[in-house]
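Working notes, beginning with the structure itself.
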Amino acid sequence: MILVLRALGVGDLATAVPALRALRARFPGQELMLAAPRWLMPLVDLTGTVDRLVAVDDLGARRWCGPAPTLAVNLHGRGPQSHRLLAASRPDRLIAYANPAAGHADGPQWNPAEHEVDRWCRLLGWHGIPADRDDLDLAVPPAPTMGGVTVVHPGAKSPVRRWPAPRFADVARTLAAAGHHVVITGSAAEYGLAAHVAQAAGLSPAAVLAGRTGLRELAAIVAHARLVVSGDTGIAHLATAYRTPSVVLCGPVPPRLWGPPPHRLYHRAIWHGRRADPGDDPGPDPHPALLEITVEEVVTAAYEAERAAGPRAHRRDHTVVGVTGPGG
């Protein structure tokens, strides 16, 4: 039995897919359990790697009640808290970054300057488990009622990552005038923001999908979309996973740390920052790097991404999944 910890969000899970695939390939006969938030289950199913999800919503004190795993893998962070959580499961072996504070030395040194995908591939490679950093695809859910839409996603986890709503509205209006079927997505908590963007863009209320789609439905919309325009948040990683043309507005973190693969020209990441901030600023304003991004360059990038995509010949033949997936 293999226990993997990645108790974070959509983008975090998506960037760990190559590592999860490498573990599945290296240990095909063992049960692979993922410790992650329960609400991520629809997306976990689409990775095609996980046999069972262990619900973990935070790294607070908890007791592992299951049998000791043969292998525990920390794809969550550098420790020590995450290391200790896995160590408490009494694994035969722990794969994690070296952390003296957690009493763990059998691992490589953490590099804060590397891309999140590369970080976990390097960890496994150090332990003799090769991982393909470009193996980012997810299985495709059946096509939604509305296919071929252009998704504009104005929300993000914190205000510092949100490009101003009026600019998203200008982009949505311009693309709609050019013939795109624009929809505005977001969580239930972001419904007001999405409705404001739609109204300012001259779109009908039916274009507002915020709060009306579950995670699986959102994945289906992105998988079959014409284009995605968003900040550096979970939906941008879904666009990468489905090779859907996209424009990602980055700040405070540069695309070299969390952005789409730079060789895929149908993903355009825009970044005007000069340094990477260590984390989300709790303030109410967008990051300065975001404020330097103009409507005109976003629209231009959208057209460039579409042209680079061509007839979508770059898309792999994804597996289309039904109601349940491998973790069902």
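The values are calculated or read from the model by the stated rules, or taken from the named source; none is laboratory data. Bear in mind the structure is a predicted one, so any value in this text is a computation, not a measurement. As a convention, Cβ positions derive from the backbone with ideal geometry for all residues, glycine included, and neighbour counts pool all protein chains shown. Surface areas here come from the heavy atoms of the whole protein model, side chains and all, with no ligands, DNA or RNA. Shrake-Rupley method; radii C 1.70, N 1.55, O 1.52, S 1.80 Å.
If we keep just the residues of segment 225-243 that are under 19 Å from Ala16 (Cα atoms) and of a type in the set (Ser, Thr, Tyr), which is most open to solvent (accessible area, probe 1.4 Å)? Spell out how you get there, then give the answer.
Step one: of segment 225-243, the residues under 19 Å from Ala16 (Cα atoms) are 232-243.
Of the ones still in play, those that are also of a type in the set (Ser, Thr, Tyr) are 233, 240, 242.
Working: Thr233: 29, Thr240: 14, Tyr242: 0 Å².
Per the criteria, the residue is Thr233.
When you scan segment 154-189, how many residues do you find that are of a type outside the set (S, T, N, Q) and either closer than 16 Å to Glu296 by Cβ or open to solvent by 30 Å² or more (accessible area, probe 1.4 Å) (or both)? Lay out the reasoning, then the answer.
Looking only at segment 154-189, we keep the residues that are of a type outside the set (S, T, N, Q), and these are 154-157, 159-173, 175-184, 186, 188-189.
Now narrow it down to the ones that are either closer than 16 Å to Glu296 by Cβ or open to solvent by 30 Å² or more (accessible area, probe 1.4 Å) (or both): 157, 159, 161-164, 166-173, 175-179, 181, 188-189.
Result for segment 154-189: 22.
How many residues are under 23 Å from Asp277 (Cα atoms) and not polar (S, T, N, Q) if we restrict to segment 91-119?
The qualifying residues number 10.
Specify which of the listed residues (His115, His196, His104) is open to solvent by 60 Å² or more (accessible area, probe 1.4 Å), out of contact with any Asp or Glu (no Cβ under 9 Å at 6 or more places or on another chain) and not aliphatic (A, V, I, L, M). If you could, list the steps in order and put the result at the bottom.
Working: His115 fails: open to solvent by 60 Å² or more (accessible area, probe 1.4 Å); His104 fails: open to solvent by 60 Å² or more (accessible area, probe 1.4 Å).
That would be His196, the only listed residue that is open to solvent by 60 Å² or more (accessible area, probe 1.4 Å), out of contact with any Asp or Glu (no Cβ under 9 Å at 6 or more places or on another chain) and not aliphatic (A, V, I, L, M).
For segment 73-102, how many residues are part of a loop (DSSP other than H, G, I, E, B) and either closer than 14 Å to Leu34 by Cβ or within 27 Å of the chain's Cα centre (by Cα) (or both)?
Going through segment 73-102, the residues part of a loop (DSSP other than H, G, I, E, B) turn out to be 75-80, 88-92, 96-98.
Applying the additional criterion that residues be either closer than 14 Å to Leu34 by Cβ or within 27 Å of the chain's Cα centre (by Cα) (or both) yields 75-80, 89, 96-98.
Residues meeting the conditions: 10.
How many residues are part of a helix (DSSP H, G or I) and aromatic (Phe, Trp, Tyr) if we restrict to segment 159-204?
Counting residues in segment 159-204 that are part of a helix (DSSP H, G or I) and aromatic (Phe, Trp, Tyr) gives 2.
Kindly list the number of the only condition in (1) open to solvent by 20 Å² or more (accessible area, probe 1.4 Å); (2) modelled with pLDDT of 95 or more; (3) of a type in the set (Lys, Arg) that fails for Arg84.
Evaluating Arg84 over (1) open to solvent by 20 Å² or more (accessible area, probe 1.4 Å); (2) modelled with pLDDT of 95 or more; (3) of a type in the set (Lys, Arg) leaves (2) as the failure.
Matching residues to (1) under 17 Å from the mean Cα position of the chain (by Cα); (2) open to solvent by 40 Å² or more (accessible area, probe 1.4 Å):
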| position | (1), (2) |
| --- | --- |
| Leu209 | no, no |
| Ala223 | yes, no |
| Arg274 | no, yes |
| Pro288 | no, yes |
| Val298 | no, no |
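State all residues of segment 131-154 that are within 21 Å of Val44 (Cα to Cα) and either assigned to a strand (DSSP E or B) or of a type outside the set (Gly, Ala, Ser) (or both); if no residue qualifies, say none. Steps first, please.
First, pick out the residues of segment 131-154 that are within 21 Å of Val44 (Cα to Cα): 131-144.
Listed by number, the residues that qualify are Asp132, Arg133, Asp134, Asp135, Leu136, Asp137, Leu138, Val140, Pro141, Pro142, Pro144.
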